[in-house]
Amino acid sequence: MAHERFDVAVIGGGIAGTSVAAELSKDRRVLLLEMESQPGYHTTGRSAAVYAAVYGPSPIRALTRASRAFFASPSTSHFSTALFRPRPIMMIARQEQAFALDQTIAEVGVMTPVERINESAIRKLNPLVKTGYASAAMLDMSGEDIDVAALHQGYLRQFRYFGGDLRCNATVLGLTHTGRDWQINTGVGEFTVDTIVNAAGAWAEHIGGLAQAESIGLIPKRRTAAIVAAPTELAPNTLASLPITIDIEEDFYLKPDAGRLLISPADETPSPACDAQPEDMDIALCVERIEQAFDLQVHRIESKWAGLRSFVADKCPVVGYSTTAPAFFWLAGQGGYGIQTAPALARLAASQVLQRPMPEDIAAEGVDLSEIDPSRLANRAE
């Protein structure tokens, strides 16, 4: 049977793969391969999804800032609903965390307007914070909740509009470069492509191995979350307007979620690539940390889940052509920032795949390709 032919195959139907496939499909014939029965099943479908320009290392913050205009007003009609809903971000610090707080404010305040607030201001914004727990906080009023489903579905619609071809249940079994093009063997058939984009999330290192690309030292890490009831004395409008409240050293966070509270121990437990499930010990740790910081007694976990956030050593994404495998492009290691950086990262990656200049608005935010290129990891991969 003849192989179906495409210009580009994107492996992975999460937000990274879907968004870059949507961008590339404007100019190329693109195949999007997803191993599950539907795209977005793993990390994308389990994200708490907050737009936080104060989050992550410098390249992540730059890509987040460069994504804001798209989130606020998507440039195409494929995105049918608003993607943003205001959600202030408050990073709280105990007295002994004052140095970490000041350091964070100094670092992120250069590009994002943030404010240092005292305990009374903290409790005014989130009355659940225990009296005497936090002495100060960093407040970022530019935070937003992101509608992940609308974002992901919008990119899928854009991808299909431009003629993109999505194949599900398409586990990649083998990759062979003939010297001229790539042969891809999957559970749903064989394909021939000029270029592969590896956006396989927690499975990206495995896909790289099939292509005989360099190791980037990618480690999937489990993040746990749960939904619990809010205190009955908290008025619904107060609950709905609570900021996402995060420990300054990221030991926990709490945010409102459809009339309930979403809580997390902000865990980063190394894990094999898998269908991640919450561990009882992590849920117990989560409840303990939340009850220490907030006037909240958790009597029942209404729902719980876990997702994998994949990192390389420096916690910056890996975006660029492999140094060892021909026409094999890495788009991996987004960690916990894949949703909030997706619009800019998709455009940046597409420009790199097509060997075009970086879009000017992204360059203007200070994105430095050397900080995300795979070659930086050559001597550091574990």
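Of the residues 54, 8, 20, which is buried (at least 17 other Cβ atoms within 10 Å of the Cβ) and over 17 Å from the mean Cα position of the chain (by Cα)? When all the criteria are applied, what remains is 8. Considering 213, 230, 226, which residue is touching a strand residue (DSSP E or B) at 6+ places or on another chain (Cβ under 7 Å), at negative phi and either of a type in the set (Asp, Glu) or part of a strand (DSSP E or B) (or both)? Being touching a strand residue (DSSP E or B) at 6+ places or on another chain (Cβ under 7 Å), at negative phi and either of a type in the set (Asp, Glu) or part of a strand (DSSP E or B) (or both) holds for just one of 213, 230, 226, which is 226.
Among the residues making up the stretch 87-112, a single one is at pLDDT below 95 and closer than 24 Å to residue 147 by Cα: 112. For the stretch 129-145, a tally of residues being in contact with a Ser or Thr (Cβ under 8 Å, 6 or more places away or on another chain) and either at positive phi or not acidic (Asp, Glu) (or both) returns 3. In the stretch 359-380, is there at least one residue being within 30 Å of residue 137 (Cα to Cα), over 21 Å from the mean Cα position of the chain (by Cα) and outside the structural domain of residue 13 (by TED's automatic domain parsing)? The answer is no, given that none of the residues of the stretch 359-380 is within 30 Å of residue 137 (Cα to Cα), over 21 Å from the mean Cα position of the chain (by Cα) and outside the structural domain of residue 13 (by TED's automatic domain parsing). Against the definition (among the hydrophobic types (A, V, I, L, M, F, W, C) and under 20 Å from residue 12 (Cβ atoms)), how does residue 149 come out, yes or no? It is true that residue 149 is among the hydrophobic types (A, V, I, L, M, F, W, C) and under 20 Å from residue 12 (Cβ atoms). The criterion of at least 2 residues that are over 26 Å from residue 308 (Cα atoms) is met by the following strands (runs of 3 or more DSSP E) wholly inside the stretch 119-201: 136-140, 172-177, 182-186, 189-198. Across the stretch 367-379, the qualifying residues are those that are loosely packed, with under 15 Cβ neighbours inside 10 Å, part of a loop (DSSP other than H, G, I, E, B) and of a type outside the set (A, V, I, L, M), and the one among them that is modelled with the lowest pLDDT is 379. Residues in the stretch 233-246 that are among the small types (Gly, Ala, Ser), more than 25 Å from residue 304 (Cβ to Cβ) and assigned to a helix (DSSP H, G or I): there are none.
The values are calculated or read from the model by the stated rules, or taken from the named source; none is laboratory data. Every value quoted in this text rests on a predicted model; they were computed, and no experiment measured them. Every residue, glycine as well, gets a Cβ built from its backbone with ideal geometry; the counts of neighbours run over all protein chains shown.
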